[in-house]
Amino acid sequence: MEQNNSLTPFPPGLASPQGAMTPVLPIFSPMMPYGTGLTPQPVQNTNSLSLLEEQQRQQQQQQQQQAAASQQQSGMVGGSGQTPQLYHSQVSTTTALPGNTPLYTTPLTPMTPITPATPASESSGIVPQLQNIVSTVNLGCKLDLKTIALRARNAEYNPKRFAAVIMRIREPRTTALIFSSGKMVCTGAKSEEQSRLAARKYARVVQKLGFPAKFLDFKIQNMVGSCDVKFPIRLEGLVLTHQQFSSYEPELFPGLIYRMIKPRIVLLIFVSGKVVLTGAKVRGEIYEAFENIYPILKGFRKTT
Amino acid sequence: ILKTSRQINSLPKVQCPNHPDAILVEDYRAGDMICPECGLVVGDRVIDVGSEWRTFTNEKATNDPSRVGDAQNPLLNGGDLSTMISKGTGAASFDEFGNSKYQNRRTMSSADRAMLNAFKEITTMSDRINLPRNIIDRTNNLFKQVYEQKSLKGRSNDAIASACLYIACRQEGVPRTFKEICAVSRISKKEIGRCFKLILKALETSVDLITTGDFMSRFCSNLGLPKQVQMAATYIARKAVELDLVPGRSPISVAAAAIYMASQASAEKKTQKEIGDIAGVADVTIRQSYRLIYPRAADLFPPDFKFDTPVDKLPQL
C-alpha cells in the first residue's frame, strides 16, 4: 500500500513549525511499508513454547494493522500540514506503532553538540529497511551438543573450530548458534517478530530432541538497517566538518564511519549514497539516526 | 680562576677571618679558596670538578671522556637517575668459577624498559625507510603519550609503535601508506589500522585526509621517472579527483593510475606491474582506475606536456 509521504510527521528532536515545544512523536506512520511480520505491540515474554499460538497472534496483529491503516487512510486527508492535532489523532486511533512500546513518546531531544545540528526541515521520505537482527535467548537447561548435532537436521558442529552447534532453518531464513550452556544466538532475521519466531522454532527443535528447553530472556541485541539517499555524497567534506564523529580512511575502508552519539548508532556512509546503520537495540533508533543524518548528507551532496 | 658566589643561607660559611664580608675566590687548580682582599688562603683541598682528561676537538674519539653515562633523554624517559653496574673488564671481576661478580646489572624500572624497547623499535623501523629525525622524535612523543594514558595497554607495543609512526608521518605532511609501514614492521595492516583508530581516539587528535599528491614524488623517484613525468602525473591525478572521475577510489590507486598514464605518454614507459609493486597496489586495481580516467585523458594532461606517445595511442585496457 503506497501512501503519500507528505503525511509524515517531523523527526524527533526538532521544534514544531509553530515554535512551541510540542512533544514529538516518531515519524513512522503506520501506513509506511515496513516489511512483513511487524508486530506493533510489545512482545509478551511468554515462556511457553507454543509456536502455533505465536503465528496466530502475528497474523491477527497483521490483520488489525491493515484494518486500522485502511480506516486511517480513508479518514485522513493527504497533504494537510503537520499540526499537533494530527499527531494526537494519530495516537488515539491507532495501536499500530512500530517499536516495542505502543506509545513511543520521545522527549524532546535538546540540541546538544552530541546530536548533529539539524536545521528545521521536513523529514526525508526514505525509510531504512532492516537487513539483520541478532537476538539471544536462554533455553534454561544444559545441552549436549553432540546429540543435537547428530540427531537434528541442518546442524553443524565442529568443536575444534567453534564450541557451538550451528543450526539453520529455512523459514524465516536464519542461523542459530546453540551453546552447551543452553544459551542461543539467532541471526539473519529481517524483523523483530521473525527473529522471535525463529528463536522459538529453534527452541522447539531442541525441545523435540528431548531437552527441557524453555524460552527465557529473549532479547534483541543488534539491528542492522540500510537505505539509499539517491545522491552521491562528498565524504571529504563530511569528515572535515564532523571530525569528532567521523572516521574516513580510504586505505582501510571505502566508506565513512560515522559514530552518532545520540542515538548510539554507527553509520557507514558511502560515496554512492548508500547508508548502512547498525548498533540499534530498537527499530526506532535506526529511524531516528537516519533522520538525524539525512539533512547533513543533503548538505554534502555532490553537485556535478 | 672560577668565581663562585655564595648563598647567604646555605652551607657552612667559610670566611676570611679578617674580611668576613669578602666573597672568596676559588682557585680550582690548587684547590684553594682565597680572600681577594688580603690574599689569605682560607679553605684548601677543594675537590676539583674539572675533567681529568684532556680532550681535543680534532681527535676522533668515539667516547667523550668528560661525559659520564649516556645522554639524558629527559623528555621521554622518567628522568632515570638509577645506577647500573656494568660488566666487568679485567680479571678481577670474575670470581672462582668464571662467573662474573655483581651479576645483576641493577635493572632500570620496567615501565621505562618497555618504552625504551619501543623507542629502539621505532628507530629501527624508521631507519629501514630512511625517515628523518623529526619524524622519529614525533613518533617517540606520540608513543609516550599513548603509553602513559594506558588506554591501549593490552595492545602489542610494536603495533602501537607502528601506528604512531604512521600518524607521525601523516602529521608531518609526508604520509606513508599503511602498506609501506607494514613492510618495515612485523605487524599486520589490519592491526596497525585498528591501533591507528584507537590512538586517534585516545589522544583526541585527527589527521588530514591523504591526497594523491602526497605520494607522487616518492613513487616517481622509486620508479626512476623524470621530473616532467612526475609533474604530469601529479596534475593528472589532481584533475581526475576534481572532475570526480574516480569516486570512491583510494587516492593511492588513483595516483598509481595517473603515474601509469603519464609514463605511458612519455618516453619512460612503466608497466602496471612495476607501478603496482612500488605503490603497493594490485595491477588490476590500477587497471580499474585507469579505465575510469582513460576516456578523459586528453583533458587530464597538463597543457605544456611533451607527448612521446600521443593521447590517442595510449594503451587501452
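The values are calculated or read from the model by the stated rules, or taken from the named source; none is laboratory data. The shown structure was predicted, so the numbers you read here are calculated from the model rather than taken from an experiment. Every residue, glycine as well, gets a Cβ built from its backbone with ideal geometry; the counts of neighbours run over all protein chains shown.
Numbers below:
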item: So B:G276, is it on the phi > 0 side of the Ramachandran plot, free of Cβ contacts under 8 Å to residues at least 40 places away in the same chain and not β-branched (V, I, T); result: no
item: Pairs, first at pLDDT 80 or above in the stretch B:30-57, second assigned to a loop (DSSP other than H, G, I, E, B) and among the polar types (S, T, N, Q), C-beta under 8 Å, six or more apart; result: B:C35/B:N18; B:E37/B:N18; B:C38/B:N18; B:L40/B:N18
item: The lone exception for A:K262 - which of (1) under 20 Å from A:S191 (Cα atoms); (2) modelled with pLDDT under 95 it fails; result: (1)
item: Some residue of the stretch B:195-208 being touching a residue at least 40 places away in the same chain (Cβ under 8 Å), part of a helix (DSSP H, G or I) and of a type outside the set (A, V, I, L, M); result: yes
item: Residue match in the stretch B:272-280 (condition: modelled with pLDDT under 95, within 14 Å of chain A (Cβ to nearest Cβ) and in contact with a Ser or Thr (Cβ under 7 Å, 6 or more places away or on another chain)); result: yes
item: Pair list, Cβ < 7 Å and 6+ apart or interchain, from the stretch A:288-304 residues that are touching a residue at least 12 places away in the same chain (Cβ under 8 Å) to residues that are in a helix (DSSP H, G or I); result: A:F300/A:G237; A:F300/A:L238
item: Filter pass, A:K298 being surrounded by fewer than 19 Cβ atoms within 10 Å (Cβ to Cβ), among the basic types (K, R) and within 13 Å of the chain's Cα centre (by Cα); result: no
item: Selection within the stretch B:267-302 - polar (S, T, N, Q), buried (at least 18 other Cβ atoms within 10 Å of the Cβ) and over 17 Å from B:N222 (Cα atoms); result: B:T285, B:S289
item: Single unsatisfied condition, A:R283 versus (1) more than 8 Å from chain B (Cβ to nearest Cβ); (2) under 28 Å from B:V246 (Cα atoms); (3) surrounded by 22 or more Cβ atoms within 10 Å (Cβ to Cβ); result: (2)
item: Selection count, the stretch A:256-273, where residues are within 11 Å of another protein chain (Cβ to nearest Cβ), under 26 Å from B:S253 (Cβ atoms) and surrounded by fewer than 22 Cβ atoms within 10 Å (Cβ to Cβ); result: 5
item: Top-ranked residue of the stretch B:161-181 - restricted to ones that are within 11 Å of chain A (Cβ to nearest Cβ) and in a helix (DSSP H, G or I), ranked as surrounded by the fewest Cβ atoms within 10 Å (Cβ to Cβ); result: B:K179
item: Single condition A:E122 does not satisfy, out of (1) surrounded by fewer than 17 Cβ atoms within 10 Å (Cβ to Cβ); (2) at pLDDT 95 or above; result: (2)
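Results for (1) modelled with pLDDT under 95; (2) within 14 Å of chain A (Cβ to nearest Cβ), shown as yes or no for each residue.
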| site | (1), (2) |
| --- | --- |
| B:I192 | no, yes |
| B:F196 | no, yes |
| B:E204 | yes, yes |
| B:L209 | yes, yes |
| B:T212 | yes, yes |
| B:V246 | yes, yes |
| B:R249 | yes, yes |
| B:A267 | yes, no |
